[in-house]
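The values are calculated or read from the model by the stated rules, or taken from the named source; none is laboratory data. Model, not experiment: these values are computed from the prediction. Please note: Cβ atoms are built from the backbone with ideal geometry, for glycine as well, and neighbour counts cover all protein chains shown. Just the protein is used for accessible areas: all its heavy atoms, side chains included, with ligands, DNA and RNA removed. Shrake-Rupley method; radii C 1.70, N 1.55, O 1.52, S 1.80 Å.
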Amino acid sequence: MNNIQKNLINLQNKIIKITNKIHRKSQDIKLIVVSKNQSINNIKKIASLGIFRFGENYIQESIQKIQNIQKKLEWHFIGKIQSNKIKYIAQLFHWCHSIENTKTALLLNNKINKNAPPLNVLIQLNVNKELTKQGITLNNLFILSKYISQLSNLKLRGIMALPIFTNNYNKQLQHHAQVYTVFAKLKKIYPSIDTLSLGTSHDMKSAIISGSTMIRIGTQIFNPKNY
Ligand SMILES: *Cc1c(COP(=O)(O)O)cnc(C)c1O
C-alpha cells in the first residue's frame with residue numbers, strides 16, 4: 001500500500017481513538033479529504049479506500065477534477081468564493097462551506113439547475129476577528145441564517161470555522177467551544193442544521209472533543225508532519 005493510503009488509515013485510527021475516549025461514535029465525524037493541489041490520481045487512490053467526501057478550494061482546478069473522475073464522489077467547496085465562479089459552485093459541488101453574505105447566497109441559489117437537489121450550505125463563522133480574518137460575526141450570522149433558510153435551492157446545514165493560528169491546545173479548545181455554543185443555538189432555531197465543519201490537520205483533536213461533526217483534512221494525508 002502506498003503512503004497516502006497508509007496515512008489515511010493512520011488518520012482513521014486517530015479519529016477512532018479520540019472518539020472512543022469521549023464516547024462519541026467515529027462515524028459521527030465526517031471526514032472531508034481536502035484535495036487542493038492534489039492530482040486526480042491521488043484522489044482516486046483515496047476514493048478506492050471507500051472515502052467519498054472531498055474538499056476543494058480553487059474552482060479552476062476543481063472543474064478538471066470533478067469532470068474527469070467518473071466515480072460518484074461528494075464535492076465540498078471550502079475556499080473563498082469569487083462572484084464570477086459562483087455558477088461552478090452551484091453546478092458542480094454538493095456542499096459549500098464558505099458563505100459569508102446574502103449576496104453570495106442569493107447568487108448561488110439562482111444558479112442552481114431547476115431539477116437539481118438543493119445545495120447544502122454552511123455559513124463561515126468568525127467568533128474572534130483578532131484570531132482569524134475570514135468569516136462573519138455573530139450578529140450577522142443570525143441575519144444570514146434567516147435569509148438562507150428562505151432560499152429554496154439552498155439547504156442550511158450549519159456552520160464552518162477556520163482554525164485559529166495556534167498550536168496551543170487549550171486556546172484551540174477555548175475557540176472551538178465558542179463556535180460550538182453558536183452552533184447549538186442555531187441548531188435549535190433551524191431543524192435542517194446538523195453540521196459543524198470544524199477541525200483541520202493541526203486542530204482536529206480539539207475540534208472533535210468540542211463537538212465537531214465534520215473535519216477537513218489535507219496535510220495529515222498528503223504531506224504529514226508530526227501531529
Ligand atoms: C487547506 C484547508 C484545510 C486542510 O488543512 P490541513 O491543515 O492541510 O489539514 C481545511 N480547511 C480549509 C478551509 C482549507 O483551506
Exposed trypsin sites (Lys or Arg not before Pro) being those in a DSSP loop with at most 13 other Cβ atoms within 10 Å, the longest stretch of the chain free of them is 134-224
With the 1.4 Å probe rolled over protein heavy atoms, the chain has an accessible area per residue in Å² of 52
Computed on Cα atoms, Rg of region 184-227 relative to 2.2 N^0.38 Å comes out at 1.40
Taking only the Cα positions of region 1-100, the convex hull volume per residue in Å³ is 109
In region 110-227 the accessible area split gives carbon plus sulfur, as whole percent at 1.4 Å, a share of 50
The rounded separation in angstrom of the Cα centers of region 42-117 and region 206-227 is 21
Between the residues Ile32, His175, Tyr88, the Cα farthest towards the positive end of the dipole of the chain, that dipole coming from +1 and -1 charges on the beta-carbon of Lys, Arg, Asp and Glu, is from Ile32
In region 3-226 the DSSP beta bridges are antiparallel at a rate, in percent to nearest 5, of 0
Using alpha-carbon coordinates alone, the radius of gyration and Dmax of region 108-227 in Å work out to 15.2, 47
Mean 1/r over distinct Cα pairs of region 103-157, inverted to a Kirkwood Rh in Å, yields 12.1
extent check for the chain: Cα max minus min per principal axis, descending, whole Å, gives 45, 42, 29
